[in-house]
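**Q** Sharing a structure with you now.
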Amino acid sequence: MKIGIISEYYYPTLGGIQEHVHHFAQKALVRGHDVRIITPRVRGAYDRQLAGSHAVPVIHVGRSIPIYNNGSIARMALGYKLGNQLQHIFENEAFDIIHIHAPLTPMLPLLALTRSPTTTIGTLHTNFEGSLLLRLFQKKCQQYLNRLNGLIAVSPAAARPLASYFQTNCRIIPNGIDVSQFHPDLPRRSEFDDGRINLLWVGRIEPRNGLDRMIKAFILASQRCPNLRLIIVGDGPLRPTFEAMVPTAYKPFVYFSGFINASRPSYYASADMLCVPTSISSFGITLLEGMAAGIPIIASDIDGFRDVMTQDREGVLIDTANINTFAETIEAIANDKSLALNYGMRGRQTAINFSWDRVTEKIIDYYREIKNQETGQTSRLTA
């Protein structure tokens, strides 16, 4: 099949959608499918090392600008006659499948919905608590959704918000993880291999990802467990604000890596536990990266994470807003090597179930299923 993937989010920015788009596209290429990623241009260098030997062809449409939304930094394409550009691409490429990620977000996804001439699939990635815009434009958005031939959600947490506004029929197919890229046997980074217990935080530095909670819990835990180090992998405009939160006495033991992409697995390999104090999420891709690396997880007890992780199996789900509880949990795992090892071993087993090979097969099978059902259908999502 020839597959066109539409996404506002792709490298060099990082996030769950970017990882999903890239790894699915790579695996589909390996299976003999012809794939193009259609996305706006983002300022920054594309990471060829992460792309690996199966680099996916990318078609850029417009330029991407950041927008604050839902406690996070969203992105939107701007440019001249974007809809016409998409239509021209669709006519030239003659895709069998057009797969739109986050189909109700402007600009490329919505424009692609109106221009797609072939079988069109959408994937929902976002968990949110309510939307005035969706309520105000409910009828119009339902019309957009009805243009889809099939709809996927990466988790029940991603499916639920839209189901409260629209008639939808989602197939749950999770995000995946590259279990060869993230692996327990990778060597530790030399700068972190000095006997200290390394806590890892990974994500965009933005409010909902809970870096403030992480820093506070690290400081409190360090008062009783002084052999800790905090490694922060990620970047964002609020980075100076969080750097200023670290007291002078603790600055030697808090490392801000900045933007990391291809070498990210080596940071997991250097960690003794992963902490994910996010306040809202649709899917725990960062949790899966930690599980694949074989390290114990401390994560917020929220919907998107419960879809991936089981309490006291791969780690613990807690109220990370309670800094005392957060710090005590860090101490408990830091002081019990056997417990940490068992969490890590079970996490690796869980991650294998989410391997990109398995997830890609499920998506391709869904394409074929929808193709076989298409004849005679008018509205696939409300039927």
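The values are calculated or read from the model by the stated rules, or taken from the named source; none is laboratory data. This is a predicted model, so every value here is computed, not measured. Every residue, glycine among them, receives a Cβ derived from its backbone with ideal geometry; neighbour counts consider all protein chains shown. Just so you know, the surface numbers come from the protein's heavy atoms only, side chains and all, with ligands and any DNA or RNA stripped out. Shrake-Rupley method; radii C 1.70, N 1.55, O 1.52, S 1.80 Å.
**Q** Scan region 307-316 and tell me whether some residue there is touching a residue at least 12 places away in the same chain (Cβ under 8 Å), in contact with a His (Cβ under 9 Å, 6 or more places away or on another chain), more than 16 Å from residue 201 (Cβ to Cβ) and not in a helix (DSSP H, G or I).
**A** Within region 307-316, none of the residues are touching a residue at least 12 places away in the same chain (Cβ under 8 Å), in contact with a His (Cβ under 9 Å, 6 or more places away or on another chain), more than 16 Å from residue 201 (Cβ to Cβ) and not in a helix (DSSP H, G or I).
**Q** Those residues that are open to solvent by 30 Å² or more (accessible area, probe 1.4 Å), of a type outside the set (D, E, K, R) and touching a strand residue (DSSP E or B) at 6+ places or on another chain (Cβ under 6 Å), I need them from region 287-315; list them, please.
**A** Once the filter is applied, which keeps residues that are open to solvent by 30 Å² or more (accessible area, probe 1.4 Å), of a type outside the set (D, E, K, R) and touching a strand residue (DSSP E or B) at 6+ places or on another chain (Cβ under 6 Å), region 287-315 yields only 311.
**Q** Is it the case, given these coordinates, that residue 119 is among the hydroxyl-bearing types (Ser, Thr, Tyr), over 14 Å from residue 166 (Cβ atoms) and out of contact with any Phe, Trp or Tyr (no Cβ under 8 Å at 6 or more places or on another chain)?
**A** Values: among the hydroxyl-bearing types (Ser, Thr, Tyr): yes; over 14 Å from residue 166 (Cβ atoms): yes; out of contact with any Phe, Trp or Tyr (no Cβ under 8 Å at 6 or more places or on another chain): no.
So residue 119 does not fit the description; no.
**Q** I would also like to ask the following. Kindly evaluate residue 125 against the criterion of being under 22 Å from residue 82 (Cβ atoms), surrounded by 15 or more Cβ atoms within 10 Å (Cβ to Cβ), under 22 Å from the mean Cα position of the chain (by Cα) and of a type outside the set (Phe, Trp, Tyr). Write out each step before concluding.
**A** Working: under 22 Å from residue 82 (Cβ atoms): yes; surrounded by 15 or more Cβ atoms within 10 Å (Cβ to Cβ): yes; under 22 Å from the mean Cα position of the chain (by Cα): yes; of a type outside the set (Phe, Trp, Tyr): yes.
In short, yes.
**Q** Output the residues belonging to region 316-332 that are open to solvent by 70 Å² or more (accessible area, probe 1.4 Å) and not charged (D, E, K, R). Give the steps one after another, and end with the answer.
**A** Step one: of region 316-332, the residues open to solvent by 70 Å² or more (accessible area, probe 1.4 Å) are 319, 324, 328.
Scanning region 316-332 gives a single hit, 324.
**Q** For region 141-156, name all the residues that are open to solvent by less than 60 Å² (accessible area, probe 1.4 Å) and not in a helix (DSSP H, G or I).
**A** Going through region 141-156, the residues open to solvent by less than 60 Å² (accessible area, probe 1.4 Å) turn out to be 141-142, 144-146, 148-156.
146, 148, 149, 150, 151, 152, 153, 154, 155 - these are the residues of region 141-156 that are open to solvent by less than 60 Å² (accessible area, probe 1.4 Å) and not in a helix (DSSP H, G or I).
**Q** β-branched (Val, Ile, Thr), over 21 Å from the mean Cα position of the chain (by Cα) and modelled with pLDDT of 95 or more: which single residue out of 320, 325 fits that description?
**A** 325
**Q** Within region 110-129, how many residues are assigned to a helix (DSSP H, G or I) and either touching an Asp or Glu at 6+ places or on another chain (Cβ under 8 Å) or closer than 18 Å to residue 367 by Cα (or both)?
**A** So the first thing to find is which residues in region 110-129 are assigned to a helix (DSSP H, G or I), and the list is 110-115.
Filter again for either touching an Asp or Glu at 6+ places or on another chain (Cβ under 8 Å) or closer than 18 Å to residue 367 by Cα (or both), leaving 112-113.
Of the residues in that region, 2 qualify.
**Q** Of all residues in region 99-119, count the ones that are over 22 Å from the mean Cα position of the chain (by Cα), of a type outside the set (S, T, N, Q) and open to solvent by 10 Å² or more (accessible area, probe 1.4 Å).
**A** The qualifying residues number 3.
**Q** Any residue that is outside any loop (DSSP other than H, G, I, E, B), surrounded by fewer than 22 Cβ atoms within 10 Å (Cβ to Cβ) and hydroxyl-bearing (Ser, Thr, Tyr) - is there at least one of those in region 333-354?
**A** yes
Every residue, every condition in (1) modelled with pLDDT of 95 or more; (2) of a type outside the set (Ser, Thr, Tyr), yes or no:
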{"residue": "246", "(1), (2)": "yes, yes"}
{"residue": "278", "(1), (2)": "yes, no"}
{"residue": "282", "(1), (2)": "no, no"}
{"residue": "291", "(1), (2)": "yes, yes"}
{"residue": "305", "(1), (2)": "yes, yes"}
{"residue": "335", "(1), (2)": "yes, yes"}
{"residue": "350", "(1), (2)": "yes, no"}
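**Q** Return yes or no: is residue 81 on the phi > 0 side of the Ramachandran plot, open to solvent by 50 Å² or more (accessible area, probe 1.4 Å) and among the charged types (D, E, K, R)? Give the derivation first.
**A** Numbers: on the phi > 0 side of the Ramachandran plot: yes; open to solvent by 50 Å² or more (accessible area, probe 1.4 Å): yes; among the charged types (D, E, K, R): yes.
Against the criterion (on the phi > 0 side of the Ramachandran plot, open to solvent by 50 Å² or more (accessible area, probe 1.4 Å) and among the charged types (D, E, K, R)), residue 81 qualifies.
**Q** Next question, about the same structure. Given the criteria more than 17 Å from residue 20 (Cβ to Cβ), assigned to a helix (DSSP H, G or I) and modelled with pLDDT of 90 or more, does residue 95 qualify? Please lay out each step first, then the result.
**A** On the way: more than 17 Å from residue 20 (Cβ to Cβ): yes; assigned to a helix (DSSP H, G or I): no; modelled with pLDDT of 90 or more: yes.
When the stated conditions are applied, residue 95 does not pass them.
**Q** What residue, among those in region 204-252 that are assigned to a helix (DSSP H, G or I), under 15 Å from residue 277 (Cβ atoms) and of a type in the set (Lys, Arg), is most open to solvent (accessible area, probe 1.4 Å)?
**A** Filtering region 204-252 for residues assigned to a helix (DSSP H, G or I) gives 207-209, 211-224, 239-245, 248-252.
The next check asks that each one be under 15 Å from residue 277 (Cβ atoms); those that pass are 207-209, 211-221, 242, 245.
Those left that are additionally of a type in the set (Lys, Arg): 208, 213, 216.
Numbers: 208: 49, 213: 57, 216: 103 Å².
Looking at the filtered set, the residue picked out is 216.
**Q** Here is a follow-up. Kindly indicate the residue of region 157-175 that is open to solvent by 50 Å² or more (accessible area, probe 1.4 Å) and not small (Gly, Ala, Ser) and also nearest to the chain's Cα centre (by Cα) among those meeting that condition.
**A** Of all residues in region 157-175, those open to solvent by 50 Å² or more (accessible area, probe 1.4 Å) come to 160, 163-164, 167, 169, 171-172.
Adding the requirement that they be not small (Gly, Ala, Ser) leaves 160, 167, 169, 171-172.
Details: 160: 18, 167: 25, 169: 22, 171: 18, 172: 15 Å.
In this case the residue turns out to be 172.
**Q** Restricting the search to region 282-306, which residues are aliphatic (A, V, I, L, M) and part of a loop (DSSP other than H, G, I, E, B)? Break it down stepwise before answering.
**A** Narrowing region 282-306 to residues aliphatic (A, V, I, L, M): 285, 287-288, 291-293, 295, 297-299, 302.
Those that are aliphatic (A, V, I, L, M) and part of a loop (DSSP other than H, G, I, E, B): 293, 295, 302.
**Q** Can you find even one residue in region 242-254 that is more than 13 Å from residue 216 (Cα to Cα) and in contact (Cβ under 8 Å) with a residue 40 or more places away in the chain?
**A** Within region 242-254, one or more residues are more than 13 Å from residue 216 (Cα to Cα) and in contact (Cβ under 8 Å) with a residue 40 or more places away in the chain.
**Q** Name the residue that is most open to solvent (accessible area, probe 1.4 Å), counting only residues in region 268-283 that are in contact with a strand residue (DSSP E or B) (Cβ under 7 Å, 6 or more places away or on another chain) and over 16 Å from residue 234 (Cβ atoms). Don't jump to the end; show me each part of the working.
**A** Filtering region 268-283 for residues in contact with a strand residue (DSSP E or B) (Cβ under 7 Å, 6 or more places away or on another chain) gives 268, 270-279.
Adding the requirement that they be over 16 Å from residue 234 (Cβ atoms) leaves 272-273.
Details: 272: 50, 273: 2 Å².
The selected residue is 272.
**Q** Taking the stated definitions as given, is residue 138 open to solvent by 60 Å² or more (accessible area, probe 1.4 Å), in contact (Cβ under 8 Å) with a residue 24 or more places away in the chain and more than 23 Å from residue 61 (Cβ to Cβ)?
**A** On the way: open to solvent by 60 Å² or more (accessible area, probe 1.4 Å): yes; in contact (Cβ under 8 Å) with a residue 24 or more places away in the chain: yes; more than 23 Å from residue 61 (Cβ to Cβ): yes.
Considered against the rule, which asks whether it is open to solvent by 60 Å² or more (accessible area, probe 1.4 Å), in contact (Cβ under 8 Å) with a residue 24 or more places away in the chain and more than 23 Å from residue 61 (Cβ to Cβ), residue 138 comes out as yes.
**Q** Does residue 83 fit the bill of being of a type outside the set (A, V, I, L, M), closer than 26 Å to residue 168 by Cβ and at pLDDT below 95?
**A** So residue 83 fails the test.
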